[in-house]
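The values are calculated or read from the model by the stated rules, or taken from the named source; none is laboratory data. Here the structure is a predicted model, which is why all the values come from computation and not from measurement. FYI the Cβ positions are ideal-geometry reconstructions off the backbone, even for glycines, and counts take in every protein chain you see. For the accessible areas, the whole protein counts, side chains as well, though only heavy atoms, and no ligand, DNA or RNA atoms are used. Shrake-Rupley method; radii C 1.70, N 1.55, O 1.52, S 1.80 Å.
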Amino acid sequence: MNRRVFMYTIGGIALIAALLIFMQLQPPAGEESPESAEAEAHYDIIVASGEPEGVAAAVSAARNGAEVLLLEHRYLLGGLMTHGMLNYLDLPQNDDGEIVSQGIFDEWHESLNYVHTVDLEEAEAAFSTLVDNEDNITLQLNHELEDVVMEDNRITGVEVSDDEETKTYTADRVIDATPDGDVAVKAGAPYFIGQQDINNDEFMSVILMIYLDDVDWDLVSEAAEEGVLGGAGIHDYAAWGFPDVLWDYEEETNPEKVNMRGLNIGRTPNEEVFINAMQLFGVDGLDEEERNEAIELGKEETDYFVEWLREELPGFEDAEIVTYPEELYVRETRHIESEYMLPVSALWESEHHWDDIAIGGYEADIQATDPSNYGVITVNPDQYGIPFRSLIPQEVDNLLVASKASGYSSLAAGSARVIPTGMATAEAAGAAGALSIEAGETFRELQENEDWIQELQENLEAQGAYLEQREDPDYPYQGEDFYPALKTLYSHDIIFGGYNNDFRLDEEMEAALFADKVKRGVERLQPEEAEGMTEELEALVDGMPEDELLMDDHMEEVYETLGWGEPPEQDGVWQRKDALLELESQLTS
């Protein structure tokens, strides 16, 4: 790839001379060098990670006058998009159809002619151009984060290493744009992993993208319209559907670890095809060994699956694998605990805040944790605000977290994790870093300063950010006396609104479905009780008939299993509304 990534400014002769001087100044063995703790250089702001969020943060900080060091441990920019090949853009839109992530994201997207599935090299080139156009950004690739420099609870720098040495850089402010909140964790910020905030220790599936060439899109379109493999929605740059893949394809490697679902297919302007369909289960995204094992398993399954596609889906007869991704798409790992943890109810209620610095609008997409269950859409929001306080980690000063690891509940992160939203929050972090230096106060001190927040918001709008707030937004079940009970249930992943934000309360409840919600509810809201009755809960779910509606005798079985006493009588089939409200009452009493 013929692209400038990073150049040392010291010539060869000068470098040799500097090394000789350095060697002469070294103390005898066993003595500490006074220079060893000195920084290579000082910057206004250090941005950790060359993910799209890191690029947005660095560019925004630079445009607000800061001298910026952008550090990336890989060999090129783009992160998940370029290394994980997740190049189909999930665009957050409000109910008016307006894309609510604008600013630097829109500038980058416009340079790619607003395509939905971006070419990998063009995407990386666009990220590089954004950085190269800012004279006060120093980019260093292939630099691994080793540690942070702290003064009490203030972060003042980072230690990084390349192939040759370890270096220390200091800064007035640091922005953590790493997907896993690596800087914040090393600095001592509290966090939780996955869905531990709702007492769930399972991991959502991770994805290995499939990258193909020589796909006949005209034939794929005909197959989609004719209902092959269940049919699909399709246009020039994408297809979504073919649900029968889930049933018709038999995994060849390890069916307990890998599953092929319906296809989400992205097609670039260069007619290359990327498929998001492979689910890999039980992978701890923080464990390098587990990630590598999953990649190898995914590669092997890719070979089998593409061979199957050539036989089963018209248009793929001549499809060839171009290459495999270097990295997995890991949806979540750590969630850094911030000054304000954005709840999923903020998405449902289209909530805004006085200190909003970005707007979200993508659905809260919660993926399956094993092959026996399906992913769900908790809520499909109109739009919602992301407050500045959600970027400020607890217990650490001079640091902002601007990535999918920011201060969101696990369910809210199902929406806020998408790249455009991440770039919007990171753009705000970059501007805030520069403005806070001017103000001479920490982020924590400034978070309650209304004048300063207004200045930040005005700066962001001047940069093209979308910060329009809804006035008195409507949302489903608003004003109903039973809404607080529903809020408790959906906030703990017990019920799901889907794309239509509809709990179907007027329908009759199925017995098996109710048993599943009882089990899930006890695990989420009564975890100590759940630990002592795992077998009973499993037996309750397994023993409930699949084809029967919920009746009083089923409810009696539930109450007896849980030791809840005598259940109320319905004298017929239980409606979903009545069953769910009764469940919430028992779980929270």
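Expressed as an acute angle from 0 to 90° and rounded to the nearest 10, what is the orientation of the C-alpha long axis of helix 12-25 relative to the principal long axis of the chain?
In the chain, helix 12-25 runs at an angle near 90 degrees to the longest axis.
Just the number, please: carbon plus sulfur as a percent of the accessible area of the range 358-436, 1.4 Å probe, no ligands or DNA/RNA counted.
With neighbouring chains kept in place, the figure for the range 358-436 is 43 percent.
When all protein chains stay in place, what accessible area (Å², nearest 10, 1.4 Å probe) is found for Thr170?
30 Å²
Which whole-number percent gives the relative contact order of the chain, counting Cα pairs below 8 Å spaced six or more residues apart?
With pairs under 8 Å counted, the relative contact order is 16 percent.
How many nm separate the modelled label positions at Asp451 and Glu307, each set 7 Å beyond the Cα in the direction of the Cβ?
7.1 nm
Taking only the alpha-carbon atoms of the range 357-499, what semi-axes of the equivalent ellipsoid follow from 5 times the gyration tensor eigenvalues under a square root, in whole Å, largest first?
31, 18, 14
Cα atoms only, the range 124-171: Rg and Dmax in Å?
13.5, 40
222 nm [θ] for the chain, helices only, -39500 (n - 2.57) per DSSP H run of 4+, per residue, to 500?
-10500 deg cm²/dmol
Report the calculated FRET efficiency for Glu121 and Asp472 (r = Cβ-Cβ distance, R0 = 41 Å), to the nearest 0.05.
0.30
With the Cα gyration tensor of the range 206-337 in hand, convert its eigenvalues to equivalent ellipsoid semi-axes via √(5λ) and list them largest first in whole Å.
26, 15, 14
Using alpha-carbon pairs under 8 Å, 6+ residues apart, how would you state the relative contact order of the range 518-588 in percent?
33 percent
Taking the convex hull of the alpha carbon atoms in the range 482-588, what volume per residue do you get, in Å³?
Normalising the Cα hull of the range 482-588 by residue number yields 100 Å³.
Quick check: convex hull over the Cα atoms of the range 175-259, volume per residue in Å³, rounded to an integer?
It comes to 199 Å³ per residue, whole-number rounded.
Can you tally the lysine pairs in the chain where the Cα-Cα distance is under 30 Å and the two residues are eight or more apart, or on different chains?
Lysine pairs meeting the criterion: 16.
Considering only protein heavy atoms and a 1.4 Å probe, what is the carbon-and-sulfur percentage of the accessible area of the range 469-589?
Ligands and nucleic acids excluded, carbon and sulfur reach 39 percent.
What order do Asp95, Asp248, Asp506, Asp287 take when sorted by accessible area (1.4 Å probe), most exposed first?
Asp506, Asp95, Asp248, Asp287
At a threshold of 8 angstrom on Cα-Cα distance, excluding pairs fewer than six apart, so keeping six or more, what relative contact order does the range 206-323 reach in percent?
Relative contact order of the range 206-323: 35 percent.
If DNA, RNA and ligands are ignored and the probe is 1.4 Å, what is the ranking of Val131, Val115 by accessible area, most exposed first?
Descending order: Val115, Val131.
Lys/Arg Cβ at +1, Asp/Glu Cβ at -1, dipole of the chain taken about the Cα centre: which of Gly464, Tyr75, Ile45 is farthest positive-ward?
Toward the positive end, the furthest listed residue is Ile45.
Please report, in Å, the Rg and the Dmax of the range 432-522, where both are computed over Cα atoms only.
Gyration radius and largest Cα-Cα distance of the range 432-522: 21.4, 61 Å.
According to a simple spin-label model (label point 7 Å from Cα along Cα-to-Cβ), what is the distance in nm between Glu326 and Ala439?
Roughly 3.8 nm, to one decimal.
Using alpha carbon coordinates only, what is the Rg to Rh ratio of the range 65-143, with Rh defined as the Kirkwood radius?
My calculation of the ratio gives 1.00.
Within the set of other residues whose C-beta is less than 15 Å from the C-beta of Thr488, count the net charge using Lys and Arg as +1 and Asp and Glu as -1.
-3
Take Leu219 and Glu164, extend 7 Å from each Cα along the Cα→Cβ direction, and tell me the distance between the two endpoints in nm.
In this crude spin-label approximation the distance works out to 5.3 nm.
With only Lys, Arg, Asp and Glu charged, each at its Cβ (+1 for the first two, -1 for the last two), find how big the charge dipole of the chain is about the Cα centre; round to the nearest 20 debye.
In debye, rounded to 20, the chain gives about 1760.
Given the Cα atoms of the range 217-256, and with Rh set as the inverse mean 1/r over their pairs in the Kirkwood sense, what is Rg to Rh to two decimals?
A ratio of 1.09.
Debye calculation, C-alpha points only, no solvent: report log10 I(q)/I(0) for the chain at q = 0.06, 0.07, 0.10 Å⁻¹, in the same order as the q values.
With one equal scatterer per Cα and no solvent, log10 I(q)/I(0) is -0.35, -0.47, -0.93.
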